[in-house]
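Note sheet for the following structure.
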Amino acid sequence: RKEVEQDPGPFNVPEGATVAFNCTYSNSASQSFFWYRQDCRKEPKLLMSVYSSGNEDGRFTAQLNRASQYISLLIRDSKLSDSATYLCVVNTPTSNTGKLIFGQGTTLQVKP
Amino acid sequence: DTEVTQTPKHLVMGMTNKKSLKCEQHMGHRAMYWYKQKAKKPPELMFVYSYEKLSINESVPSRFSPECPNSSLLNLHLHALQPEDSALYLCASSLSGTGGTEQYFGPGTRLTVT
């Protein structure tokens, strides 16, 4: 089983749609969780950290379910500019370093 | 300001060349990272420096040699690379090297080995 698993997609949605991505992680001791966005041929950019209580930033909502070891990202009112790959990222609690584990990424294509 | 800069943006080198990639951050971050990314794959960790000391080497071949001259700078020295080493090389930094903090990526160096 991969340490961080995501549905690679692609998710093809019309503008204005609501879309949700899911991610599961295998290590129950993981403590820190992030969503990054990566545009084609660009670097990953931090979209948001994911907190236990869930958090929202404009049209984006992230949720964490520790019991099920599951993280989600909800995008409301999709824009063309949301088209990108979304990476689910989890820290490794077994080493006292900054090592992060990346999921394979979920591709989103928002169409007019 | 969450900026990490990298030079050069693009690099083409032969298998016998020696070149260096450079990375700089002025955010006061104490951990810096090198990643390698192939097309349609997630970034793959190569090295971690924490407080200017190498803390992780992910079994990277010795033809890649990292160097951290000070807390703001990170270099990656390249020698006798293979065509399969062609990839996007990303530098990142984080406030702490002890895990749990966000990493900020530079724009990367796109390397082609001929």
* Asked: Setting aside same-chain residues fewer than 8 positions from A:K99, which lysines have a Cα under 22 Å from its Cα?
  -> A:K2, A:K42, A:K45, B:K22, B:K36, B:K38, B:K40, B:K41, B:K53
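For region B:13-114, take the convex hull of the Cα atoms, compute a quarter of its surface area, and give me that in nm², please. Write down the numbers at each step before the final one.
Values: hull surface 24.5 nm².
Quarter of the Cα hull surface area: 6.1 nm².
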* Put a dot 7 Å past each Cα toward the Cβ at A:N12 and A:Y51; how far apart are the dots in nm? -> 3.9 nm
* To do: Excluding residues fewer than 8 places away in the same chain, name every one of the aspartates and glutamates whose C-alpha is closer than 14 Å to that of A:K111.
  => A:E15, A:D77, A:D82
* **Percent of Cα pairs exceeding the 30 Å cut-off, where the set is the protein assembly as shown** => 25 percent
* Asked: Can you give the net charge of the other residues whose Cβ lies under 14 Å from the Cβ of B:K53, counting K and R as +1 and D and E as -1?
  -> -1
* Residue-by-residue Karplus 3J(HN,Hα) for region B:102-114, coefficients 6.51, -1.76, 1.60, Hz, glycine and proline x -> 5, 9, 10, 9, x, x, x, 10, 8, 9, 10, 9, 9
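On full extension of the chain, what length is gained from B:E84 through B:E58, given 0.36 nm per residue of separation minus the C-alpha to C-alpha distance?
On the way: separation 26, 0.36 × 26 = 9.36 nm, distance 1.72 nm.
Extra length from B:E84 to B:E58 when fully extended: 7.6 nm.
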* Structure fact -> Expected integer from the mean partner chain Cβ neighbour count at 10 Å over A:42-48 is 5
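Each reported figure results from applying straightforward, stated rules to the coordinates on display, with no laboratory input. Values in this document were obtained by computation on a predicted structure and should not be read as measured data. All Cβ positions, glycine included, derive from the backbone under ideal geometry; neighbour counts span all protein chains shown.
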